[in-house]
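*Asks:* Structure incoming, see below.
The values are calculated or read from the model by the stated rules, or taken from the named source; none is laboratory data. Note that the structure is a prediction, hence the values are computed from the model and not measured. Ideal geometry is used to build each Cβ from the backbone, glycine not excepted, and the neighbour counts take in all protein chains shown.
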Amino acid sequence: MSKISKKVIGVDVGAQFLTVSFNDLEDRDQVLNIANTQRSILSFLKKISPEDYCLVIEATGNYSSRILHLSLYQGFNSSLINCMSVKHFARMKNIISKTDAEDAKLIRLYGEMFDPEIYIAKSVEIEYLDQELKLLNDLEEEKRRYAVKLKSLRYHAHLNADTEKHYERRLKHLDKEILEVEKRLPALQDSEFKETKSLLQSVSGIGEKTSLQLMTATSGFKNFKSAKSLSKYFGLAPRIYQSGKKSYSPGKCRTSKTHIRGLLYVCSWTAIKHNAHCKVFYERLLADGKPKKLALIAVCNKLLRICFGVVKNKTNYQPNYQKYFKILT
């Protein structure tokens, strides 16, 4: 039974087409295919009213971005749901068939039953910054790839000088492009963004690059109400399996954002040396017999929770907070 007053439109997203499922104002099932273009999406949205409908959209990266933002700009309450949530929901409903129309209907039923939270759109500055950071990551990855190839090339007994020069020119060109992107980054940061970035960098172990990535991925932490949900979003929340007398932890929930998880893992190396809370936490886990890698991932989780706390409270990280708190009490 629906928990929300508005009718739900389920949107299955594809690169070329969007399949939408909804009940019209006369409660008749409707399934439509519309092109994933700005013109077609706006044409569809103008035929329905934000007072009568809300949208639940499957999260498929860039392909779902257009309808998500256009619907928000048109005044609709739109939600974004993970495709894995839909997959598990289909298992719960014992649905074995899979078509675009069935998926759109399933997404609609999911929205009616669980009433997902309304998506808070990123600002234009954060959208641009996110795209620049992705470009920077791609350039740096390409640079590493060419550097490795050049290094291995130089082990050849008969080295072609022209080939070597080509790789060297390519690396110099990539260095130039990386520098250009890095120079553009500060211009995209408004005063609120800089304030939040400063709070994040006050945490021992969090640097410039990681703070920018966290900001763009979370829209300044505005889309999260708890540190637990943030940890789950980045795939750092522990999982527990318990059935009868059998109980164990199968590890962390690897949901999404592998790149940021990797950055946090590197940050944990610095944190266990210079962050007092993380250092004590890490040493306690090792003393309990936990593997080093597991302990480092747990430190990543703790770093993320600390970041959430300093941003939400708008207070710089205080290493001696517990000590001062005991004195005051």
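*Asks:* Regarding the range 85-98, can at least one residue be identified that is hydroxyl-bearing (S, T, Y) and within 23 Å of the chain's Cα centre (by Cα)?
*Replies:* First, pick out the residues of the range 85-98 that are hydroxyl-bearing (S, T, Y): 85, 97.
Keeping just the survivors that are within 23 Å of the chain's Cα centre (by Cα) gives 85.
Yes, there is a match, as at least one residue in the range 85-98 is hydroxyl-bearing (S, T, Y) and within 23 Å of the chain's Cα centre (by Cα).
*Asks:* Residues in the range 5-41 that are assigned to a loop (DSSP other than H, G, I, E, B), surrounded by 15 or more Cβ atoms within 10 Å (Cβ to Cβ) and touching a residue at least 40 places away in the same chain (Cβ under 8 Å): how many?
*Replies:* Going through the range 5-41, the residues assigned to a loop (DSSP other than H, G, I, E, B) turn out to be 5-6, 14-16, 24-28, 36-37.
Next, from what is left, pick out any that are surrounded by 15 or more Cβ atoms within 10 Å (Cβ to Cβ): 6, 14, 36.
Now drop any that are not touching a residue at least 40 places away in the same chain (Cβ under 8 Å), which leaves 6, 14.
Matching residues across the range 5-41 total 2.
*Asks:* Okay, next question. Within the set of pairs 6 or more residues apart or between chains, which connect a residue that is farther than 11 Å from K314 by Cα and in the same structural domain as C300 (by TED's automatic domain parsing) inside the range 194-205 to a residue that is in a helix (DSSP H, G or I) and β-branched (V, I, T) with Cβ atoms less than 6 Å apart?
*Replies:* V203/I306; G205/T270
*Asks:* What tally of residues in the range 88-100 results from selecting those that are hydrophobic (A, V, I, L, M, F, W, C) and surrounded by fewer than 16 Cβ atoms within 10 Å (Cβ to Cβ)?
*Replies:* Of the range 88-100, the ones hydrophobic (A, V, I, L, M, F, W, C) are 89-90, 92, 95-96.
Okay, now just the ones that are also surrounded by fewer than 16 Cβ atoms within 10 Å (Cβ to Cβ), so 92, 95-96.
Total satisfying the criteria: 3.
*Asks:* Limited to the range 42-69, what total is found for residues that are free of Cβ contacts under 8 Å to residues at least 12 places away in the same chain and of a type in the set (S, T, Y)?
*Replies:* Residues that pass the stated criteria total 3.
*Asks:* Scan (1) closer than 21 Å to I81 by Cβ; (2) at pLDDT 90 or above; (3) not aromatic (F, W, Y) for the single condition T210 breaks and write down its number.
*Replies:* Looking at each condition in turn, T210 falls short on (1).
*Asks:* Consider G251 carefully, then state whether it is more than 19 Å from the chain's Cα centre (by Cα), outside any helix (DSSP H, G or I) and modelled with pLDDT of 90 or more.
*Replies:* On the way: more than 19 Å from the chain's Cα centre (by Cα): yes; outside any helix (DSSP H, G or I): yes; modelled with pLDDT of 90 or more: no.
Criteria not met by G251.
*Asks:* Another question, then. Among the residues of the range 148-191, count how many are of a type outside the set (D, E, K, R), assigned to a loop (DSSP other than H, G, I, E, B) and touching a residue at least 24 places away in the same chain (Cβ under 8 Å). Don't jump to the end; show me each part of the working.
*Replies:* So the first thing to find is which residues in the range 148-191 are of a type outside the set (D, E, K, R), and the list is 148, 150, 152-153, 155-161, 163, 166-167, 171, 173-174, 178-179, 181, 185-189, 191.
Add one more test, that the residue is assigned to a loop (DSSP other than H, G, I, E, B), and what stays is 155-160, 185, 189.
Those still in the list that are touching a residue at least 24 places away in the same chain (Cβ under 8 Å) too: 185, 189.
So the count comes out to 2.
*Asks:* If you don't mind, there's one more thing I want to ask. Among (1) part of a helix (DSSP H, G or I); (2) within 20 Å of the chain's Cα centre (by Cα), there is one condition L109 misses while meeting the rest; what is its number?
*Replies:* Tallying (1) part of a helix (DSSP H, G or I); (2) within 20 Å of the chain's Cα centre (by Cα), L109 fails exactly one: (2).
*Asks:* Say we look at the range 42-67 and pick out the residues that are of a type in the set (A, V, I, L, M) and surrounded by fewer than 21 Cβ atoms within 10 Å (Cβ to Cβ); which of these is nearest to A104 (Cα to Cα)? Steps first, please.
*Replies:* Start the filter on the range 42-67 by keeping residues that are of a type in the set (A, V, I, L, M), which leaves 42, 45, 48, 55-57, 59, 67.
Going one step further and asking which of them are surrounded by fewer than 21 Cβ atoms within 10 Å (Cβ to Cβ), we end up with 42, 48, 59.
Values: L42: 19, I48: 17, A59: 12 Å.
Step by step, filter the range 42-67, then rank; the result is A59.
*Asks:* Identify, please: which residue in the range 78-120 is out of contact with any strand residue (DSSP E or B) (no Cβ under 9 Å at 6 or more places or on another chain) and of a type in the set (G, A, S) and is, among those, farthest from K232 (Cα to Cα)?
*Replies:* S97
*Asks:* Still on this structure, please answer the following. Within the range 124-164, take every residue that is hydroxyl-bearing (S, T, Y) and surrounded by fewer than 15 Cβ atoms within 10 Å (Cβ to Cβ) and give me the one that is farthest from Y53 (Cα to Cα). Spell out the reasoning first.
*Replies:* First pass over the range 124-164, keeping only residues hydroxyl-bearing (S, T, Y): 128, 146, 152, 155, 163.
Retained after the next criterion (residues that are surrounded by fewer than 15 Cβ atoms within 10 Å (Cβ to Cβ)): 152, 155, 163.
Working: S152: 59, Y155: 64, T163: 60 Å.
Residue satisfying both the conditions and the ranking: Y155.
*Asks:* Something else about it: Which of the residues spanning the range 192-217 are touching a Phe, Trp or Tyr at 6+ places or on another chain (Cβ under 6 Å) and either part of a helix (DSSP H, G or I) or not hydroxyl-bearing (S, T, Y) (or both)? Give the steps one after another, and end with the answer.
*Replies:* To start, the set of residues in the range 192-217 that are touching a Phe, Trp or Tyr at 6+ places or on another chain (Cβ under 6 Å) comprises 202-203.
The one that is touching a Phe, Trp or Tyr at 6+ places or on another chain (Cβ under 6 Å) and either part of a helix (DSSP H, G or I) or not hydroxyl-bearing (S, T, Y) (or both): V203.
*Asks:* Take the residues of the range 254-273 that are under 11 Å from the mean Cα position of the chain (by Cα) and under 20 Å from V203 (Cβ atoms): which is modelled with the lowest pLDDT?
*Replies:* Top of the filtered list is K257.
*Asks:* Further question: Just a yes or no: is a residue in the range 97-105 among the acidic types (D, E) and outside the structural domain of D52 (by TED's automatic domain parsing)? Spell out how you get there, then give the answer.
*Replies:* First, the residues of the range 97-105 that are among the acidic types (D, E): 100, 102-103.
Those left that are additionally outside the structural domain of D52 (by TED's automatic domain parsing): none.
Taking every residue of the range 97-105 in turn, none turns out to be among the acidic types (D, E) and outside the structural domain of D52 (by TED's automatic domain parsing).
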